[in-house]
Amino acid sequence: MIELAPIFVTLKLATITTLILLIVGTPIAWWLSNTHSRFKVIIESVVALPLVLPPTVLGFYLLLALSPDGFIGSIWGHISSTPLSFSFSGLVIGSVIYSMPFVVQPLQASFEMVGKPVQQAAYTLGATPFDTFKNIVLPLSRRGFLVAITLGFAHTVGEFGVVLMIGGNIPEVTQVLSIVIYDHVEVLEYTQAHYYSIGLLVFSFLVLFLTYSFNRKLMVRV
Amino acid sequence: MIRVSYKQQLNNFLLDVDFNLPDKGISVLFGPSGSGKTSVLNLIAGLSESDSLQRASLKINNNVIDDQANKIQLKPWLRNVAYVFQDHRLFSHLSVQENILFGYKRRDSELSPDDLIASFSISKLLEQYPAQLSGGQKQRVALVRALLSNPKLLILDEPLAALDYQSKQQLMPYIEEIHKALNIPIIYVSHDIKEVLRLADYIVVMDKGKIIDEGDIASLCIAQPLLTQQEGASFVLEGVVTKIIAEEKLVQINCGENILITAENMCLEQCVRVLIHARDVSLCLTPPKDSSILNCIAVCIDDVQSDKNGKLRVLAKLGEQTIVALISHRSAKLLNVEKGREMFAQFKATAMIK
């Protein structure tokens, strides 16, 4: 009937991807919101690419990059003996790139909302930039973080094209929910497809519902 | 002494200033909007982008803060220059109490938060958040927050500009309180002549990025056109309290001649500055015997100048000091007001004492 493995793989992938994205995306968003560098527009465009590119294009290039001779794959070869392509680790790398704009953009927007003036006030009161970031910028950006976490997580859960291209379809390793549904539909097992689909639908709704309610609460307090 | 010298190319003009300020009291940086006052403050606080800086030197009582020649440029968090902004810039996620202790926790301060909380009347606000406060309350909290960060210099950038008339009147005494609470120099930026005359001990006048005049308030408010040509132009008389008439709420002040001013809480022998509006002074040839105006003193006309508002500014000597009267051309003609003429100057006892 319903297999639990794809659900676990999906949740594990989304959680790890979101965590990595917070670690990688926060400095990128911070840099983008503060810099006057002429590279800003280039980096902004690169980060936003997954929004407009067909997932198959992204997946295709990732497949090349992750292969043992590819750019990422060859570096990986020095660290680990298992290849990246068609592995869970490869899937994580793909997801991080694919979901990047959904984390970086809300963070950048909320950092820009906090703005320089308030940070300057903190400086004149003796706070270093790190102190200011930790005690002023982060708490004032918590709604941005909430949105970033939700979108990053939900978008990774809903990922299909990229996973199909680089993850293969290995049960209990890289087989995620969206692919399982696709498999069932292909062999006309509509009942099973329904179970997974309705589950994903309800789950997504709940995540968004909880986020927006919590967001309102944050808004009322400030 | 505070030594300030900066040169920086800004977007629309060249900022080039070089001046000294006394190390106590309120020094006002005065000038029209867009004359570069806030840019100077940002340089002093270390908040400016330094890439277009051509000259930088800042010393507060022998502490070198900026010295471009020797590549010294202290970071803003190391300067101990506290800044009160026009737009308060309180931290909206922190309560009033957390806001005012933000700087206090980061620097050793000998000041007691409780004392300042009491003297700025914010004890009832401590648990509230900035969004719940009125404009005047926010600025009071911002002032206390700045003072508790143990500053060596306090700079205030038009802290009253965003407030309505009533809040301004309420906040002004608190600003005057500051140098009683803390013996530090204050730089106050304003383009409002009323604030300047009330608060300033020393004035630096700026226009288009340059210093065009500086000096103590008594001399500048007679000679500097940007101050004299304004609505509310005033002058200052310095003197000593010689008599207190408590039952009538009057004090007698000797500033060459004895004058009477409405005031309370003064003590004998106290040196005071009396601020009088030029439009409140009238001139007459003989002292009237039946006037409600208490002050009538003999003066000698020193100069008659045209005012851009179509009035005449009459400068008259009272001993070493100068009285300014704003009168109409017709009155001047009728009374034959001219240089060297002996006359009487009359004004009400409602001037302001500092």
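Bear in mind that the values in this text are calculations on the coordinates, not laboratory data. Just so it is clear, the model here is predicted, and its values are computed rather than measured. For neighbour counting, all protein chains shown are included, and Cβ atoms are generated from backbone atoms with ideal geometry for every residue, glycine included.
Quick notes on this structure:
- All-pairs Cα distance distribution in the protein assembly as shown, expressed in whole percent, bin size 20 Å: 17, 35, 25, 14, 7, 1
- Using alpha-carbon coordinates, inclination of helix B:165-181 to the longest axis of chain B, degrees: 70 degrees
- Maximal additional length on extending the B:Lys194-B:His179 stretch stands at 3.5 nm, based on 0.36 nm per residue less the C-alpha distance.
- Efficiency of FRET between A:Leu53 and A:Ser80 - r from beta-carbon atoms, R0 30 angstrom, step 0.05: 0.60
- With each label modelled as a point 7 angstrom along the Cα→C-beta vector, the B:Ser306-B:Lys289 pair spans 4.1 nm.
- Among the residues of B:76-86, the average count of other protein chain beta-carbon atoms within 10 Å of the residue beta-carbon is 4.
- Share, in percent, of DSSP beta bridges within the range B:105-231 that are antiparallel, nearest 5: 60 percent
- Cα long-axis angle, helix A:40-52 against chain A (0 to 90 degrees, to the nearest 10): 30 degrees
- Between 0 and 90 degrees, the angle of helix A:88-124 with respect to the longest Cα principal axis of chain A falls at about 10 degrees.
- Among residues other than B:Ile60 with Cβ under 14 Å from its Cβ, the summed charge is +2 (Lys and Arg +1, Asp and Glu -1).
- Qualifying aspartates and glutamates (Cα of each under 13 Å from Cα of B:Lys194; at least 8 residues distant if same chain): B:Glu158, B:Glu231
- Loop trypsin sites (Lys or Arg not before Pro), the range B:1-101, which have at most 15 other Cβ atoms in a 10 Å radius of their Cβ (DSSP): B:Lys24, B:Lys71
- Cα lying deepest toward the dipole's positive end in the range A:99-222, options A:Leu201, A:Pro117, A:His155, charges on Cβ: A:Pro117
- Student exercise, the protein assembly as shown dipole from Lys, Arg, Asp, Glu Cβ charges, in Debye to nearest 20: 660 debye
- Mean Cα-pair separation over length for chain A, i.e. relative contact order, pairs under 8 Å, 6 or more apart, %: 31 percent
- Dipole of the protein assembly as shown [Lys/Arg +1, Asp/Glu -1 at C-beta], most positive-end residue of B:Gln8, B:Leu268, B:Leu171: B:Leu268
- Within the listed set B:Ile245, B:Ile65, B:Ile117, the Gaussian network model of chain B (springs between alpha-carbon atoms below 10 Å) gives the highest mean-square fluctuation for B:Ile245.
- Relative contact order of chain B: 16 percent, from C-alpha pairs under 8 Å at least 6 residues apart in sequence.
- Considering only the protein assembly as shown, percent of DSSP beta bridges that pair antiparallel, nearest 5: 80 percent
- Long pairs among A:Lys134/B:Lys138; B:Lys168/B:Lys311; B:Lys24/B:Lys152; A:Lys134/A:Lys217, criterion Cα-Cα beyond 18 Å: A:Lys134/B:Lys138; B:Lys168/B:Lys311; A:Lys134/A:Lys217
- Sites A:Asp183 and B:Ala131 - FRET efficiency at Förster radius 51 Å, r taken between beta-carbons, to 0.05: 0.45
- Magnitude of the charge dipole, chain A, Cβ model with Lys/Arg +1 and Asp/Glu -1, debye to 20: 1140 debye
- Prolate/oblate/rounded label for the range A:5-221 (Cα gyration tensor, a/c 1.5): oblate
- Pairwise FRET efficiency - A:Tyr212 versus A:Ile42, Cβ, R0 = 35 Å, nearest 0.05: 0.55
- Annotation: amide H-H contacts under 5 Å for B:Val84 (H modelled 1.01 Å from N, sequence separation of 5 or more, or interchain): B:Ile155, B:Leu156, B:Asp157.
- Taken about its Cα centre, chain B carries a charge dipole of about 440 debye when Lys and Arg each add +1 at the Cβ and Asp and Glu each add -1 at the Cβ.
- Within the range B:2-228, percent of DSSP bridges classed antiparallel, to nearest 5: 60 percent
- Inter-chain neighbour count for B:93-101: the average number of beta-carbon atoms from partner chains within 10 Å of each residue's beta-carbon is 2.
- Most mobile listed residue (A:Ser33, A:Ser95, A:Ser74) in chain A, GNM with C-alpha springs under 10 Å: A:Ser74
- Residue-averaged 222 nm ellipticity for chain A, from DSSP H runs of 4+ at -39500 (n - 2.57), nearest 500: -25500 deg cm²/dmol
- Highest-first arrangement of B:302-308, B:341-347, B:196-202, where packing means the average Cβ count within 10 Å: B:196-202, B:341-347, B:302-308
- Contour excess over end-to-end distance, with Cα ends at A:Arg142 and A:Thr128 and 0.36 nm allotted per residue: 3.0 nm
- Of A:Leu66, A:Leu58, A:Leu206, the residue with the greatest mean-square motion in the GNM of chain A, using alpha carbon springs below 10 Å, is A:Leu206.
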